[in-house]
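Working notes, beginning with the structure itself.
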Amino acid sequence: MENYTRRDKINYYLDIAETVLERGTCIRRNFGAIIVNNDQIISTGYVGAPRGRANCVDLGYCTREKLNVPKGQRYELCRSVHAEANAIIAASRADMLGATLYLACHDAKTGELYGEVEPCSMCKRMIINAGISTVIIRNTKDTYTTINVESWIDHDESIEGTEGY
């Protein structure tokens, strides 16, 4: 045990989020999310169609892909519930207040880690309302980006360009 190096806590939780994404059913990108508060995992979530509905992997196609919808647009066309949303749905708000959401993503076709991601605008709104304070996104096996959720409140992209309405 001389050369034993203990995994740091953030990457430990990101490793778990990366395991959770293996349950995902998207044929574009699979995300895994876990919500942690006071060093306790509150809930987990992965990308998948609502209960009882067919998943993209079962259908063999992605509607957004068939329509050539660019990354980050037209999520209302997606069959799936996002990983962040599934994790939030599975938790009590009281347990999420001040919590951290850990997020990892793999390209579904290659299985490779896809580190240049962040929650979509709908998931950002849910994260804010859930009372989650921090989002940590895996970039590489050992690096990550930390986002203070308060910054999403301070820089509200949903009201930009709406002057005069």
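Looking at the structure I just gave you, is Val81 without any contact (Cβ under 8 Å) to a residue 24 or more places away in the chain and surrounded by 14 or more Cβ atoms within 10 Å (Cβ to Cβ)? Answer is no for this residue. For beta carbons closer than 7 Å, sequence separation of 6+ or different chains, a first residue in the stretch 1-30 that is β-branched (Val, Ile, Thr) and a second that is open to solvent by 20 Å² or more (accessible area, probe 1.4 Å) and assigned to a helix (DSSP H, G or I), the qualifying pairs are Thr25/Val57; Ile27/Val57.
Taking the conditions (1) out of contact with any Pro (no Cβ under 9 Å at 6 or more places or on another chain); (2) modelled with pLDDT of 95 or more in turn, Arg28 satisfies each one other than (2).
Exactly one residue out of Ala87, Ala108, Ala94 is within 25 Å of Leu14 (Cα to Cα) and without any contact (Cβ under 8 Å) to a residue 24 or more places away in the chain, and it is Ala94.
The values are calculated or read from the model by the stated rules, or taken from the named source; none is laboratory data. If you're wondering where the values come from, they're calculated on a predicted model, not measured in any experiment. Neighbour counts run over all protein chains shown; Cβ positions are idealised from the backbone, glycine included. We work out accessible area using only protein heavy atoms, side chains counted, and drop any ligands, DNA or RNA first. Shrake-Rupley method; radii C 1.70, N 1.55, O 1.52, S 1.80 Å.
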